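What follows is a short report on a single structure.
The values are calculated or read from the model by the stated rules, or taken from the named source; none is laboratory data. Just so it is clear, the model here is predicted, and its values are computed rather than measured. We place every Cβ from the backbone using ideal geometry, glycine too, and count neighbours over all the protein chains shown.
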């Protein structure tokens, strides 16, 4: 089914603001942040380039023949997991839209729930068949609405709200990084060949960290993983997830002679993490066997990660 070209967005309007302090109506949710979710490899590229690069629209959108380059953003979270990947870059909403114009693109009704799309741009697309979207509701309240009294932004959480930002988005404006579960059955990038389908947040953080360390991605200064020369809780939890993935209960203990303090230990661990990131499971297990104990393998892994982030020894 093609996208519905609606001029009347009131069919998806924000509901009533809750008058209870401990309850938010699902059709009237405060809109404070939006996220861009990507697969792990793409997230590493974003970190290296310090920006989310706008790309062409390839699905059934009415803009897919206009050569418009956009970055996808959404306030949604997904109960079954995101079909866009595991790595979420989060941005403050009001900063994202400051000084820009908004155009109603339409509703993708073949999805359940329907995906509602609004273009955020510096251009005027009224001559190209798009109606300028009014978040104040003066033209009828839609799925994104600004309360004229409080100035609070709300969105209708019963739908999938997708913002299409016509510009690269600089990573310097990102305020948070988090890990999400990938939808086990759907993938927007590789519907039939995605090997990250079903990967949970913990597994994603482990693989992401392995990629950061072995592919020399600095994530634009590693602001999300290191704070004032101290590992953040996000880095601590990612390292724990990585250690569990490599030394889980089903893994036999190493039987080799390499100690964490040996000069070759760090190079070996780097090879193991690179193999883990690339899903060459037999390879990283063979490297792991070369260590004297689980403690030696973990100790060498900590040393490698601390060195990558310029952290003091023993920080992790």
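Tabulated data
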| quantity | calculated |
| --- | --- |
| Selection from the range 278-298 of residues that are part of a helix (DSSP H, G or I) and surrounded by fewer than 17 Cβ atoms within 10 Å (Cβ to Cβ) | 281, 282, 283, 285, 286, 289, 294, 295 |
| Count of the range 138-197 residues which are in contact (Cβ under 8 Å) with a residue 24 or more places away in the chain and in contact with a strand residue (DSSP E or B) (Cβ under 8 Å, 6 or more places away or on another chain) | 37 |
| Of all residues making up the range 115-132, the number that are surrounded by fewer than 21 Cβ atoms within 10 Å (Cβ to Cβ) and in contact with a helix residue (DSSP H, G or I) (Cβ under 7 Å, 6 or more places away or on another chain) | 2 |
| One residue from 186, 164 being at pLDDT below 95 and either surrounded by 15 or more Cβ atoms within 10 Å (Cβ to Cβ) or under 15 Å from residue 29 (Cβ atoms) (or both) | 186 |
| Selection count, the range 87-125, where residues are more than 24 Å from residue 224 (Cβ to Cβ) and outside any strand (DSSP E or B) | 12 |
| Among (1) modelled with pLDDT of 95 or more; (2) crowded, with 20+ Cβ neighbours inside 10 Å; (3) outside any helix (DSSP H, G or I), the one test that residue 224 misses | (1) |
| Those residues of the range 227-277 which are buried (at least 19 other Cβ atoms within 10 Å of the Cβ) and part of a strand (DSSP E or B), in sequence order | 231, 258 |
| Tally of residues being within 23 Å of residue 211 (Cβ to Cβ), out of contact with any helix residue (DSSP H, G or I) (no Cβ under 6 Å at 6 or more places or on another chain) and free of Cβ contacts under 8 Å to residues at least 24 places away in the same chain across the range 251-279 | 3 |
| Evaluation of residue 157 against (1) in contact with a helix residue (DSSP H, G or I) (Cβ under 9 Å, 6 or more places away or on another chain); (2) part of a loop (DSSP other than H, G, I, E, B) (one fails), failing number | (1) |
| Residues of the range 170-183 that turn out to be in a strand (DSSP E or B) and crowded, with 20+ Cβ neighbours inside 10 Å, as a count | 4 |
| Residue in the range 101-111 that is surrounded by the most Cβ atoms within 10 Å (Cβ to Cβ), counting only those that are more than 12 Å from residue 164 (Cα to Cα) and touching a strand residue (DSSP E or B) at 6+ places or on another chain (Cβ under 9 Å) | 107 |
| Flag for residue 205 being in a loop (DSSP other than H, G, I, E, B) and either touching a residue at least 12 places away in the same chain (Cβ under 8 Å) or assigned by TED's automatic domain parsing to the domain that holds residue 115 (or both) | no |
